[in-house]
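Below is one structure, written out as structure tokens; comments come after it.
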Amino acid sequence: MTDLYLTLAVFLLVNLLAALWRIARGPTPADRLLAALLFGTTGVAVLLLLAYAGGGAALVDAALVFALLAVITGAAFVRRIWREESNGHS
Amino acid sequence: MIFDLLLAAALLWSAVQALTTPDLFRAVVLFIVFGLLMALAWARLDAPDIALAEAAIGAGLSGALLLDAVGHLRQKRRERSP
Amino acid sequence: MNAPLIYALTGAALFVFGVTGLMLQAHLLRKILAFNVMGSGIFLVLVGLAQRTGIPDPVPQAMVLTGIVVAIAATALALALARQLLDQSGEMRLPEEEAGKDKLDV
Amino acid sequence: MDILDLLSVVLLIVGAAFFLAGTMGLLRFPDVYTRLHALAKADNLGLGFTVLGLALQAPGVAAGLKLVLVWLLALAASATLSYLIARRAFAKGIVPWKPEEREP
């Protein structure tokens with residue numbers, strides 16, 4: 001099972017690398033932020049897989065904090081940067 | 001091993017992009033991503049306590065601080081050149 | 001070549017990037033980003049080199065844990081100072097940097 | 001390998017497939033709203049199946065419940081943020097993408 005966990009973790013990491021491309025491209029700021037949110041979720045999954053591949057149960061706590069605090073970035077983005085008055089492509 | 005190499009490549013690439021991209025907002029988002037990748041690196045280095053702190057700080061706190069600063073900067077620019 | 005050594009080498013490269021960015025960028029927010037990248041590189045070197053034999057070493061890990069918390073506090077202070085500078089002078093750069101070398105971006 | 005392990009493997013692979021689908025959607029879809037849709041797939045189903053597959057391997061009930069708690073937190077976060085971003089995008093006047101009219 002450990003081999004499967006590590007293989008899936010590598011697969012998800014390749015997914016993350018693909019999402020980096022969207023951050024570099026994305027026309028609107030929201031697209032870049034969405035890719036960052038995908039990073040958060042996939043990071044949670046990778047941490048959980050690493051925890052069960054012999055990393056220890058403490059990594060599950062780290063994943064919990066990951067999932068909890070990913071919201072703050074998005075909320076700060078919507079409240080502080082992406083206002084109505086500026087146009088959509090700045 | 002391949003996981004570590006991929007993660008190191010992603011760390012280096014996101015750091016270079018965050019430091020060289022002309023768009024300030026893109027730089028900040030790439031820095032947030034860099035923090036998330038650092039948390040994964042700490043998890044691989046058998047340091048779950050540092051991974052916990054880096055996840056809380058890199059993902060939540062510094063992202064909010066930097067985005068707030070960028071928002072303030074844009075607001076100033078808009079006030080100065082309407 | 002084992003995994004901690006890879007991370008130590010990555011940390012060395014990150015330190016170089018951070019110092020380069022810190023010296024070449026005029027914009028203060030970019031300087032802060034470069035400073036953080038530099039600090040992350042140092043942390044990686046500390047922990048990665050300490051456990052290159054494969055055994056986790058708790059002392060550098062505790063030091064790095066403290067260092068991360070201090071780094072975020074310093075970042076918050078630097079951002080507050082930069083914001084004050086922006087309010088007072090309208091510039092997001094230090095007065096020592098020569099003006100007009102690169103365009104002020106957002 | 002007993003039936004529980006087999007079920008766990010299947011669930012983990014399905015979860016990884018949903019993550020792949022979410023990433024592909026994020027890369028290929030045309031505008032913000034459709035990308036939000038793709039992100040929700042990765043958030044809810046991908047992480048959900050991964051968590052279920054791992055919870056079958058958990059050493060105890062408490063560890064399994066903690067995994068499910070991670071998933072519930074991610075669900076709440078994803079739902080809130082999707083709503084915030086979509087509402088703000090609509091308020092800013094970003095028009096939802098429509099497929100072009102096919103030539104007759």
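The values are calculated or read from the model by the stated rules, or taken from the named source; none is laboratory data. Owing to the predicted nature of the structure, the values given are computational and were not obtained by experimental measurement. We place every Cβ from the backbone using ideal geometry, glycine too, and count neighbours over all the protein chains shown. Protein only, heavy atoms only, side chains kept; ligands, DNA and RNA dropped before computing areas. Shrake-Rupley method; radii C 1.70, N 1.55, O 1.52, S 1.80 Å.
Here are a few things to note about the model shown:
- Residue pairs whose Cβ atoms lie under 6 Å apart, separated by 6 or more positions or on different chains, with the first residue in the stretch C:57-70 and open to solvent by 80 Å² or more (accessible area, probe 1.4 Å) and the second assigned to a helix (DSSP H, G or I), do not occur.
- Verdict on D:Asp31 being within 7 Å of chain A (Cβ to nearest Cβ), charged (D, E, K, R) and touching a residue at least 12 places away in the same chain (Cβ under 8 Å): no
- Among the residues making up the stretch D:1-46, those that are out of contact with any Phe, Trp or Tyr (no Cβ under 6 Å at 6 or more places or on another chain) and closer than 16 Å to A:Leu48 by Cβ are D:Ser8, D:Val9, D:Leu12, D:Ile13, D:Phe18, D:Phe19, D:Asp43, D:Asn44.
- Restricting A:Ala30, A:Ala58, A:Ala75, A:Ala24 to residues that are under 27 Å from B:Glu79 (Cα atoms) and free of Cβ contacts under 8 Å to residues at least 12 places away in the same chain narrows the list to A:Ala75.
- Test: residue in the stretch B:13-33 that is in a helix (DSSP H, G or I), within 14 Å of A:Leu13 (Cβ to Cβ) and among the polar types (S, T, N, Q): yes
- Residue ID - nearest to the other protein chains (Cβ to nearest Cβ), chosen from residues in the stretch B:55-76 that are modelled with pLDDT under 85 and open to solvent by less than 10 Å² (accessible area, probe 1.4 Å): B:Gly60
- Entirely in the stretch C:1-95, the helices (runs of 4 or more DSSP H) that have 3 or more residues that are more than 9 Å from chain B (Cβ to nearest Cβ) and under 18 Å from B:Leu12 (Cβ atoms): C:3-24, C:28-50
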